[in-house]
Each structure stands twice: as C-alpha cells, then as structure tokens.
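The values are calculated or read from the model by the stated rules, or taken from the named source; none is laboratory data. Here the structure is a predicted model, which means the values were calculated and not measured. Heads up, the Cβs are rebuilt from the backbone with ideal geometry, glycines too, and the neighbour counts pull from every protein chain shown.
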Amino acid sequence: MKRPEIVLVINAGSSSIKFMVFSMADEMMLARGIVERIGLPAPRLRFVRHDGRRVDEEVSVGSHGEAMRLICETLVDAARGVLKNIAEVEAVGHRVVHGGEKYHDSTLITEEVKTSIREFSVLAPLHNPPNLKGIEAVESVLPGIPNVAVFDTAFHHSLPPAAYLYAIPYDYYEKFGVRKYGFHGTSHKYVATATAEYLGTRLDRLKMITCHLGNGASVAAVSEGKVVETSMGMTPLAGLVMGTRCGDIDPGVVLYLVRRGMSPDEVDRLLNKKSGLLGVAGIGSSDMRDVIVAAEKGSEKASRAIWMFVHRLVSYIGAYHAVLEGAHVLVFTGGIGENSSYIRERVVRKLEVLGCVLDAEENERAVGRPGVISTANSQLKAVVMPTNEELMIARETVAVVTGAG
C-alpha cells in the first residue's frame, strides 16, 4: 500500500476516546482532542487545533460509534476543522494495551486480530475491551480504511525467560500465560529512540534505563534497543509506587486480606484504585503535584509518600544498572518525569554512587523539554525526554500500512 499522509490515532477507554491527527510528511500534529463521559451524563468534546484554537462543549453521544462520528464531523467542520474531507485520513492507528505473546509488533487489524484482542481481555479486562470498541467504532464510521493495532506490550517481547517467568510451576505459564508482559512499551520505545537521536548516538550502541513516570509508572532496561527487564508484570499493578496503584507488594498481603474477609474484587479495587500516592499521602489526591504541595506545608504522610516513590524508583534503577552491566543513560519521561524537577532531584541525588551527578541548574531548566540534567563528567548521563506515544503510534501505523503490500 502507498504511504499514508494523514493518520488518525485513537486511544479508546471505557467512556472516552482520545484522538490525534498527524500530517506524516513533517510529523506535524494537526489536531488533538477527547470525547469523554460517553454514555454518561453530560458528555463533552474537547478539541485543540495546531494553531491553538479550542473547542470545549457538551455534546450528545451515547456510544463509541456516535463519539467517533462526532470526531470525524469535527475534523472536517468548515469553521473549526483541519481537514477538507474525512477521506484525507488514509490510516488509523489504535493503542491496544495487551497483545499477549502473540503480537511482537504492530499489526494490520483483521477479524483474527480482533478475536485475539478479545481473548487477551482476560489479561487486561479494563483496557482491551474498550480498545476493541474503538476499533469497531472506526470500522463502522470509516469503512475500508486500514486500521493498525499498536500494542503496549510489544516492545517488551525481547524480555528473556529469566526476566519474564515467575518462580511458580511452569505449567501455569504454559496453560494460563502467567508471566511478565510489561506495559508502556510505546512510550519506552519512543523515548529510547528519541534519546539516542538527541545524544547523537546510535540506539544499538546504548544501554539505557527509561523511566515513564506518571499516574501509571514503569521502568525498562533497554540494551541496544531491546528491552531486557521491566517493572510492570502480568498486569500494570506491579513495580513502582503509582498514583493509585501499590506497585510491588508481598503476595501474602493479598492472601491475608482475603482471609480477613475481603473479596477478590475488593482487594483488586484497594490495590489498583485506592493505593499508591492516593492511599499513602492521605490528602484525597493521586496527583504528585498536590502531594508535593502538601509535603511542603508539613504533611508527614505526603512526605512519606514522596520518599516511598523515590525509594522504589531508585531501587529499580540500581537493579537495572546491574542487569545492564552498567548503563550509559537514565531517561525521565511521563508527566512526573518530564515536569517535576523536584522528584528528579531527589532521585538523581541518590545515584552519585553510580556516577550520576545532578546539574541543578539544568534540572530546573528541563521542564517539559529535552535536556541533559547531569554534569558533563557524569559516567551515567541523566536525560529528560518528553514522550509522544501518539506520534509513535502514527509512525508504527505508517510502517505497517506501507509494508502491507
């Protein structure tokens, strides 16, 4: 197929569709937006063009299909759209959280692929079903346009068995797929590639630790462009302290809580929705910015939450430095990683033993933009690199469609 020039990127949630449109000739973002509260009271459309013009209005949409139709109408609206005709969209890329062991790369969506996404819903029950709804919505509104699935798990397919297997009987892996899969792969891949370009070094010559730090957070050890270890596991619950997720926890705690009378669903909600910064800081917010403000005002619990976050992250960085037999670069990305010089300072200050020394002035400057925040003579270079998962999905979509025949 010919190379798509205009690509629509879709990230469908249970009650929302985030979208972005790119002109791939120069990888320019033409527009982005979200339809939220689909099927709920007071749904809204928020839409921003490349020139800054905004739309924020209540709309009437009861399904993902109706939301997708609204998105297309908005994109071609004579007064506020960015396209003359929706036929200008030549391909659509979809974020799909879980591709299991079957999909190591992004792939053109077929009936077989949709069946697989549905089957993998048992591994990602909160994400794959709405991702599939987004795909079906596009197929109904834009029939005949190629759709590409870009899997969060795909970049982690290079994990070796020593990293992805759990120390339980092997039968559980063979029969039920119980293993580490890893997530945030699209972000880790983007920042690994972008950081190599920024430093003027080939990706296959670098060993780096990429830290995606946001409401969800994960770390990956990337050797010569391939993931050799990552912090999230069979589900996105494992690893770092997150906004509402506990991260690593003794499995015995789950058994203890169940034996104390909590149901599995109650434990699930506790660990996924009520823990992390939200649970520890005790201020009613999972936003690191709010937690930092509370800590600076003297909240002991908020301060404790910050140091738990930092401690867990530093522990992973140290471990992955050893796994890589010495890393060259440490990368910060995601909402916290890109914007919180406060958190970055507290992390990097603990890494001097690894040869990573903070440049305090550069750390303050590198807010929401690329920058090296370690001193020139640091053995382990610390870099801030804003992620762009949507652009990565668009690039993957172009590659798949162009190579499809």
Notebook entry, point to check: Quick one: what pairs do we get from region 151-167, first residue of a type in the set (S, T, N, Q), second in a loop (DSSP other than H, G, I, E, B), C-beta under 8 Å, 6+ apart or different chains?
Noted result: T153/V97; T153/H98; T153/G99; T153/G100; T153/Y103; T153/Y181; T153/G182; T153/F183
Checklist line | Where a residue in region 187-216 is assigned to a loop (DSSP other than H, G, I, E, B) and its partner, wherever it lies, is surrounded by 24 or more Cβ atoms within 10 Å (Cβ to Cβ) and basic (K, R), with Cβ under 8 Å and at least six apart | finding: G216/R245
Next item on the list: Scan region 378-401 and report the pairs whose first residue is closer than 19 Å to I34 by Cβ and whose second residue is modelled with pLDDT under 95 and surrounded by fewer than 24 Cβ atoms within 10 Å (Cβ to Cβ), with Cβ atoms within less than 6 Å and a gap of 6+ or a chain change.
Entry: none
Next item on the list: Would you check which residues across region 53-74 are without any contact (Cβ under 8 Å) to a residue 24 or more places away in the chain and in a loop (DSSP other than H, G, I, E, B) and list them?
Entry: S60
Margin query: With the requirement that a residue be more than 19 Å from the chain's Cα centre (by Cα) and in a loop (DSSP other than H, G, I, E, B), what does region 218-272 give you?
Written below: E224, I249, D250, R260, G261, M262, S263
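Kindly evaluate L126 against the criterion of being in the same structural domain as V92 (by TED's automatic domain parsing) and not charged (D, E, K, R). Write out each step before concluding.
Details: in the same structural domain as V92 (by TED's automatic domain parsing): yes; not charged (D, E, K, R): yes.
For L126, the condition - in the same structural domain as V92 (by TED's automatic domain parsing) and not charged (D, E, K, R) - is met.
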Item checked: Filtered residues of region 116-131 (kept if in a helix (DSSP H, G or I) and in contact (Cβ under 8 Å) with a residue 24 or more places away in the chain) -> I117, N128, P129, P130, N131
